[in-house]
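Accompanying notes for the structure given below.
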Amino acid sequence: MRLASHQKYGFDLGAQAAIHQRHLQFIFVIGHRANAAQDDACAALRCIIHQQAAERAYRDVRKIADHLLEHLDALFQAEERTLFVIAKNRDDQAIEQGRAALDQVQVAVRNGIEGAGVEGHDRGGFRSQGGSVSDCHIGKCYKVLMVQSDPAHLFAPLQIREVSLRNRIGVSPMCEYSSVDGFANDWHLVHLGSRAVGGAAMVMTEASAVLAEGRISPQDLGIWTDDHIPMLARIFRFIEEQGAVPAMQLAHAGRKASTAAPWNGGGPLNEAEQGWRPIVAPSALPFSPASITPEPLDEAGISRVGQAFADAARRALEAGAKIIEIHSAHGYLLHEFLSPLSNTRNDAYGGSFENRTRFLREVVHAIRQTWPAGLPLFVRISASDWVSADWNPRGWTIEDSVCLAKQLHPLGVDLIDCSSGGAVPNVKIPAGPGYQVPFAEQVRKEAGLPTAAVGMITEPEQADQIIRTGQADLVFLARELLRDPYWPLRAADQLRQNGPWPKQYARAKRG
């Protein structure tokens, strides 16, 4: 996008020479308000230069620019960063991306200003329609530009790529163990459909196996054949008709495959009990002494599973899903590759952090070749294995999760769904209300990527606080939505927000 040149005082902010020479690029994160964003940004830039103290402004700006461009050039080339100018009413993802970029740019601005020896002085502010710009200053104030949006809350809409969520409440994947040969049925229609009627913004299927041998149990939902599409399409149509966004979680159980449903004990199944062999994993390590010993995947097997994820994404798209989530948590196959507790390989898929994250990155890449650019892609992770620091080998940590999120973002991942645990049995997890929320907050702040918080989120005020304080961009509820499919409508009532009541139920709305 071309910026207008400002030459009133002899300083061309279009920077036909200096800026083009140094590849300084202004990118507008704008969504559907492109023109408004451009107008706001250009007006803000004018406010820096077009002040009554014209000559002083010109001298200072030019002096700063000469020093600043050198710092910015190194910053942009080394970090491949972009200066974001955020427009009014943008979504939180854009705001956070902008803040992260501005934090880096402000350091460069400070360095440039100090090198120039310019005294700090205010060049005035700028106010866009309904928004506010924080301190368009020149000098030691060295703030660049930020147009603030209205604060987010539980019932604020959220735009992710081309998908609009009506609030910040998502239905977390919950295994129902109610399928035959992977097929969805009327149970899934009612289970998922009632949560859409109940007001959630996004309704996600349970973990859906990308291969038959990737199921946790024989009763798992599946997406490994085109025959699975028609019933899923019926369910997704109904979800969308209720104003919610249909989503699908794609999974492979790895070494936790071929087990009984929980109400049948959850133990390993042999082939006479509808189980199967082999089950696969990165390494020949059973989950527990009572578990089946898996066969390590060779590179051909890894490639086959990766392609199965991409094929499943294509089927989900054909069925009408608008969001895909890759299941890389809870000790299932992709998490098994991430964690040193389950991955003892010494090839390109084991050992170093880079190698252990390779398979997940390949799956993301493969899905993005099929999944449209306008639709979001989420990844669920176990942000911590919850093992103590003296374990050998050490487990997966929150620091690893932040580094992983930084890897996944440029590959096309839009949100990290932060759960935890599941890699090994018998670890002590300090479960309590919101116990996993700090993981979502840390990934969001340190990786600059939107997150979802999940785990013992039960009260409307609790969920609203998570969003208002910037700990996460979405809250995913599971068991609380089993207790009350209409929790979002009740939450809206408690928080005095307009809930997404279906017209058929509007007569029950209070007030």
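The values are calculated or read from the model by the stated rules, or taken from the named source; none is laboratory data. Computed from a prediction, not measured in an experiment: that's the story for all the values here. Positions of Cβ are backbone-derived with ideal geometry, glycine not excepted, and every protein chain shown enters the neighbour counts. These accessible areas exclude ligands, DNA and RNA; they are computed on the full protein's heavy atoms, side chains included. Shrake-Rupley method; radii C 1.70, N 1.55, O 1.52, S 1.80 Å.
Roughly how big is the stretch 266-346's charge dipole about its Cα centre, with Cβ charges of +1 (Lys, Arg) and -1 (Asp, Glu), in debye to the nearest 20? Kindly include the intermediate steps, with their values, before the conclusion.
Numbers: 6 positive and 9 negative charges, 39 e Å.
In debye, rounded to 20, the stretch 266-346 gives about 180.
On the full set of protein chains, 1.4 Å probe, figure out the accessible area of MET202 and give it in Å² to the nearest 10.
Number for this one is 0 Å².
Run the quick spin-label model on ARG394 and ASP226: label points 7 Å from Cα toward the beta carbon, then report their separation in nm to one decimal.
The answer from the label model is 4.9 nm.
Take each of the peptides 261-269, 460-468, average the number of other beta-carbon atoms within 10 Å over its residues, and list them starting from the highest.
Details: 261-269: 13.6, 460-468: 19.3.
For the peptides 261-269, 460-468, the packing ranking is 460-468, 261-269.
Antiparallel as a % of all DSSP beta bridges within the stretch 142-249, to the nearest 5? Intermediate results must be reported in sequence, preceding the final value.
Values: 4 of 11 bridges.
Counting DSSP beta bridges with both partners in the stretch 142-249, the antiparallel share is about 35 percent.
Suppose a student asked you for the relative contact order of the stretch 278-428, using Cα pairs under 8 Å spaced at least 6 residues apart; what percent would you report? Don't skip to the answer; put the middle values down first.
Working: 253 pairs, mean separation 40.7, N = 151.
The normalised contact order for the stretch 278-428 reaches 27 percent.
Please list the non-local residues whose amide H lies under 5 Å from the amide H of ASP417, H modeled 1.01 Å from N, same-chain partners needing a gap of 5 or more.
Distant-sequence amide H within range of ASP417: VAL379, ARG380, ILE381, ALA452.
Would you mind classifying the stretch 309-357 by shape? Square roots of the alpha carbon gyration tensor eigenvalues, ordered a ≥ b ≥ c; an a/c under 1.5 is rounded, otherwise it is prolate if a/b is larger than b/c and oblate if not.
Numbers: a/c = 3.74, a/b = 2.58, b/c = 1.45.
In terms of gyration-tensor shape, prolate.
Whole-Hz Karplus ³J(HN,Hα) for the stretch 315-329, in order, using 6.51 cos²θ - 1.76 cosθ + 1.60 and θ = phi - 60°, x for Gly and Pro?
For the stretch 315-329, the Karplus-derived couplings read 5, 4, 5, 5, 6, x, 5, 10, 9, 10, 10, 8, 7, 10, 9 Hz, x marking Gly and Pro.
If GLU354, GLU176 are ordered by their accessible area, calculated over protein heavy atoms with a 1.4 Å probe, which sequence runs from highest to lowest? Spell out each step's value before the answer.
Working: GLU354 90, GLU176 20 Å².
Putting GLU354, GLU176 in descending order of accessible area: GLU354, GLU176.
At 7 Å along the Cα-to-beta-carbon direction for both GLU461 and ILE429, put a label point, then send me their distance in nm to one decimal.
The two pseudo-label positions are separated by 2.7 nm.
Can you tell me how much longer the chain between SER178 and ARG490 gets when fully stretched, taken as 0.36 nm per residue apart minus their C-alpha distance, in nm with one decimal? Write down the numbers at each step before the final one.
Values: separation 312, 0.36 × 312 = 112.32 nm, distance 2.83 nm.
Gain on extension, SER178 to ARG490, equals 109.5 nm.
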